[in-house]
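Participant: I am attaching a structure below and will ask some questions about it afterwards.
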Amino acid sequence: MTHAVSEAWSRPALFWVDAVPEGGEVVLEGAEGRHAADVRRVRSGEVVLLGDGAGTRARARVTDVGKSRVTTKVLERRADDEPPLRITLAQALVKGDRAELAVELATEAGVDAILPWRAERCVARWDDGVRGEKALARWRATAREAAKQARRARVPDVAPPATTRDLAARDADAVLVLEATATESLAGVALPDRGELVLVVGPEGGVTDDERALLAGAGAREVRLGPGVLRTSSAAAVALGALGARTGRWG
């Protein structure tokens with residue numbers, strides 16, 4: 001069931017749990033217990049949010065606070081439906097801290113899934129071994145923390161990295177490639193009512209002609225955001241804001 005945003009479900013601090021029960025006691029321990037007790041310093045009587053990251057949250061009252069341990073009692077539980085139109089971000093690999101910034105901003109802006117893209121001009125390169133696994137784990141951890149910060153019911157799924165051919169072969173209802181020189185604006189492009197929309201953000205050096213041709217051949221459309229050129233780490237968040245307003249996701 002979809003619910004409107006309210007102060008009761010957006011203001012309290014959110015903590016992740018494995019499962020959200022309909023009622024009863026829930027104890028926060030480990031990393032979440034430390035965050036609640038030692039970082040957020042919650043107090044007995046305070047109301048917090050508990051979430052499973054998969055769409056279900058609960059309002060819960062704190063009944064006891066110990067060292068790195070918080071006991072709560074569930075007051076109310078709710079489940080949020082996925083939006084009719086899911087947005088997947090195909091984000092080109094970015095070097096350094098800007099990679100995590102791109103994931104963080106996109107998650108806060110409401111993206112539903114993130115697909116790391118191995119574009120030709122990416123400066124960053126993910127190996128298929130341990131280094132690549134660590135980089136993917138950082139993206140996933142960043143999405144999880146950003147979803148918590150935004151009080152989101154769902155943590156965006158971060159898939160293993162994909163090539164341009166993988167993107168072209170994806171069975172999406174619409175694919176939009178952000179391109180500063182595009183003649184069509186994101187503000188006016190036709191959007192599907194439901195299904196999956198893939199938003200493609202290229203690397204610092206831009207999308208190559210070969211990549212543009214391959215994606216266009218698969219039905220992708222190039223769109224611009226505005227007169228300026230945004231960094232690859234912030235472009236997705238700006239586009240997601242526009243899409244949120246246009247599709248009613250932010251209604």
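Participant: Those residues that are within 12 Å of L199 (Cβ to Cβ) and part of a helix (DSSP H, G or I), I need them from region 216-240; list them, please.
Facilitator: Residues satisfying the conditions are A235, A236, A237, V238, A239, L240.
Participant: Which numbered condition in (1) open to solvent by less than 70 Å² (accessible area, probe 1.4 Å); (2) at pLDDT 95 or above; (3) more than 25 Å from D157 (Cα to Cα); (4) not polar (S, T, N, Q) is the only one that A182 fails?
Facilitator: The number of the failed condition is (2).
Participant: For region 114-136, name all the residues that are under 9 Å from A92 (Cβ atoms), of a type in the set (A, V, I, L, M, F, W, C) and in a loop (DSSP other than H, G, I, E, B).
Facilitator: Hits for region 114-136 are A119, C122, A124.
Participant: Hey, another quick one. Just name the residue that is most open to solvent (accessible area, probe 1.4 Å) out of those in region 102-153 that are among the charged types (D, E, K, R) and free of Cβ contacts under 8 Å to residues at least 12 places away in the same chain.
Facilitator: It comes out as R131.
Participant: Just a yes or no: is a residue in region 159-174 within 16 Å of the chain's Cα centre (by Cα) and either among the basic types (K, R) or assigned to a strand (DSSP E or B) (or both)?
Facilitator: no
Participant: Restricting attention to region 44-63, does a residue exist that is out of contact with any Ser or Thr (no Cβ under 6 Å at 6 or more places or on another chain), outside any helix (DSSP H, G or I) and either free of Cβ contacts under 8 Å to residues at least 12 places away in the same chain or of a type in the set (F, W, Y) (or both)?
Facilitator: No - not one qualifying residue is present in region 44-63.
Participant: Could you list all residues from region 196-210 that are open to solvent by 30 Å² or more (accessible area, probe 1.4 Å), modelled with pLDDT of 95 or more and either closer than 16 Å to L115 by Cβ or in a loop (DSSP other than H, G, I, E, B) (or both)?
Facilitator: Residue satisfying the conditions is E196 alone.
Participant: Limited to region 70-87, what total is found for residues that are of a type in the set (K, R), within 28 Å of the chain's Cα centre (by Cα) and closer than 28 Å to V39 by Cα?
Facilitator: 2
Participant: Limited to region 138-158, what total is found for residues that are out of contact with any Lys or Arg (no Cβ under 6 Å at 6 or more places or on another chain) and either β-branched (V, I, T) or not in a loop (DSSP other than H, G, I, E, B) (or both)?
Facilitator: Adding up the residues that qualify gives 14.
Participant: Which condition number in (1) outside any strand (DSSP E or B); (2) open to solvent by 40 Å² or more (accessible area, probe 1.4 Å); (3) over 18 Å from G244 (Cα atoms) is the one that L75 fails?
Facilitator: (1)
Participant: Please find, within region 89-106, the residue that is nearest to P192 (Cα to Cα) out of those that are in contact with a Leu (Cβ under 6 Å, 6 or more places away or on another chain) and assigned to a strand (DSSP E or B).
Facilitator: Going through the qualifying residues, I end up with L89.
The values are calculated or read from the model by the stated rules, or taken from the named source; none is laboratory data. Source: prediction; values computed, not measured. All Cβ positions, glycine included, derive from the backbone under ideal geometry; neighbour counts span all protein chains shown. These area figures cover heavy atoms from the full protein model, side chains too; ligands, DNA and RNA do not enter into them. Shrake-Rupley method; radii C 1.70, N 1.55, O 1.52, S 1.80 Å.
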